[in-house]
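The values are calculated or read from the model by the stated rules, or taken from the named source; none is laboratory data. Bear in mind that the values here come from a model prediction, so they are computed numbers and not experimental data. Virtual Cβ from ideal backbone geometry, glycine too; neighbours counted across all protein chains shown. Please note that ligands, DNA and RNA were not included when accessible areas were found on the heavy atoms of the full protein model with its side chains. Shrake-Rupley method; radii C 1.70, N 1.55, O 1.52, S 1.80 Å.
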Amino acid sequence: QVQLVESGGGLVQAGGSLRLSCADSGRTFSNYAMAWFRQAPGKEREFVAAITRSAGNTRYADSVKGRFTISRDNAKNTLYLQMNSLKPEDTAVYYCAATVLLGYTSRISGYDYWGQGTQVTVSS
């Protein structure tokens, strides 16, 4: 059973940084490719970044490329999202998600497990 819990959200000024974490209380974290999604008020949930099981490959949305870094520590059952040079348009609830797919996908429907989300607010 995968149980994902996000943390690390908060309020930050534009240009600042935050590091999100997503902890899995199960014992099978390394069996899942992982991703971060976000949902701003009044908008649909969108893909942010994904990482393969072994962390050998990553993928980013164009809007965050060069500013955000996804990583994972399988020994700690934890997924991370380092967010630098934050912009007001990055304001959203951020969700981590896990998929049993061998690779990764940017499709919401491709993910089997979701966390409850953590709020990130970037002030101008």
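Assuming charge only on the beta carbon of Lys and Arg (+1) and of Asp and Glu (-1), the dipole of the chain about its Cα centre is about 200 debye to the nearest 20. When both segment 109-124 and segment 25-90 are represented by their alpha-carbon centers, they are found 9 Å apart.
The aspartates and glutamates whose alpha-carbon is closer than 19 Å to the alpha-carbon of Lys65, local same-chain residues fewer than 8 away aside, are Glu46, Glu89, Asp90.
A 1.4 Å probe, protein heavy atoms only, puts the accessible area of Val93 near 40 Å². Once both labels are positioned 7 Å from their Cα atoms along Cα-to-Cβ, the gap between Asn84 and Asp62 label points is 2.3 nm. Our summary gives the chain a relative contact order of 36 percent, counting only alpha carbon pairs under 8 angstrom and 6 or more residues apart.
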